[in-house]
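Read-outs: derived from the displayed coordinates by stated rules, not from any lab. Please read these numbers as outputs of a predicted model, since none were measured by experiment. Neighbour counts are summed over all protein chains in view; Cβ atoms, including those assigned to glycine, are modelled from backbone coordinates with ideal geometry.
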Amino acid sequence: MEDVQVLDIGPAAVASDFRDIVDRFGAPAMALALNILGNREDAEDACQEAFIRIFRNLDTVDSGKNFKNWVYTIIYHCALDVLKKKRKARRLFEEIKNESKGFLDPGSASLGKREKLSPEILRRLNPKEKTALSLWANEGYTTVEISEVMRCSSSTARVHLFNARKKIKIFLEKNHA
Amino acid sequence: MLKCRIAGFLYGAFPLYRLRSFLIRRHMEACPLCQAGLASRDEALLLLTRETDVKDLGFLWPGIRRRLKEGPIEPGKPRIAWKLGWNSALGAAAAVAAVTSLVMLLRGFRPETIAAPGSGNNGIQVVSLMVEGRPADAVYFHPQDSEMVIIWAEKVREGGVTP
């Protein structure tokens, strides 16, 4: 409650409910973000951004819909945003590197130390496949529920999940062989 | 086995979500051979980060608090809901106006009630009309040498009367 008073994020009830949401969904949100993004730093960014969006949109939650799915949808979109930002940053970095060839120390040519957590195979899946797989394996979601989170048709979700499972199986078989 | 090959070929040859989903539903989900080519939930969990693997979440709340302090700190206004509400109100008003106009027109086209404007025989009487939630005027138009009477609703112009 001390945090809430310091933060002054509105009526105590709203703040306390929000803290409950963070406590309840923090771990599954972080797991999903880690599975999509593959490193802790980006996953933390995505999670924080997601909870801020959740807080700012609490008034718009449709009580008839699954709150958990709504939370996951926001986390999924925040993870995609982080990936977009990274792509942009990488492009910019490449441009700068090309323009200043010879001036940059090759040893410093990195985007920062980022702890890679994903196994090799997860990096070969696209973010949609990773999301579908993570929701299916971790949460036991059906393709219909996955499609609700990803805001796509159940056909599309089914294909993403199928592709992910197939790629993983091929990878596992190759590694065992 | 042949079915599996055909399904596999179609799946690879046509990258269409609907077709692929159909093939998965109709064949791959039910076929033990095809299922053997897919990772099980347990196998997937070997590679994925699980909720129980996430230990240190101490960063989360302080980070959120810091970022909320930097930006606006009130919960967001339900902008979408507000827009929807306003749109619904406009839609309802337009629908009422349309229905009213239609009823009036249908009544007006009954042979016994058709009357030229100014003839003194008020077969049609528009009591009130609303367009977009505001009172509107009913305009009668009777083309020369015609049996036809056209009636329409028109918004009241600012500071003036409908011509």
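What whole-number distance in Å separates the alpha-carbon centres of region B:13-72 and region A:120-177?
5 Å
List the residues whose amide H sits under 5 Å from the amide H of A:G38, counting only those 5 or more places along or on another chain, with H placed 1.01 Å from N in the peptide plane.
Close amide H contacts, sequence-distant or interchain: none at all.
At what distance in nm do the modelled label points of A:S153 and A:D20 sit from each other, each positioned 7 Å from its Cα along Cα→Cβ?
3.9 nm
What is the sum of charges, Lys and Arg at +1 and Asp and Glu at -1, for the other residues whose Cβ falls under 14 Å from the Cβ of A:S154? Provide the component values of the computation, followed by the final result.
Numbers: positive: A:K128, A:R151, A:R158, B:R18, B:R20, B:R25; negative: A:E145, A:E148, B:E29.
It works out to a net charge of +3.
For peptide A:125-135, compute the average count of partner chain beta-carbon atoms within 10 Å of each residue's beta-carbon.
Numbers: counts 1, 0, 0, 0, 0, 1, 0, 0, 6, 5, 0.
That average works out to 1.
Grab the beta carbon distance between A:V144 and A:N175, set R0 = 30 Å, and tell me the FRET efficiency rounded to 0.05.
Values: r = 32 Å, r/R0 = 1.07.
E between A:V144 and A:N175, to the nearest 0.05, is 0.40.
How many Cβ atoms of partner chains, on average, are near each residue of B:62-70 if near means within 10 Å of its Cβ?
Working: counts 2, 7, 15, 8, 2, 5, 9, 4, 1.
Partner-chain Cβ atoms within 10 Å, mean over residues of B:62-70: 6.
Determine, for each peptide in A:142-155, A:80-93, the mean count of other beta carbons within 10 angstrom over its residues, then list the peptides with the highest first.
Values: A:142-155: 18.5, A:80-93: 13.3.
Final packing ranking: A:142-155, A:80-93.
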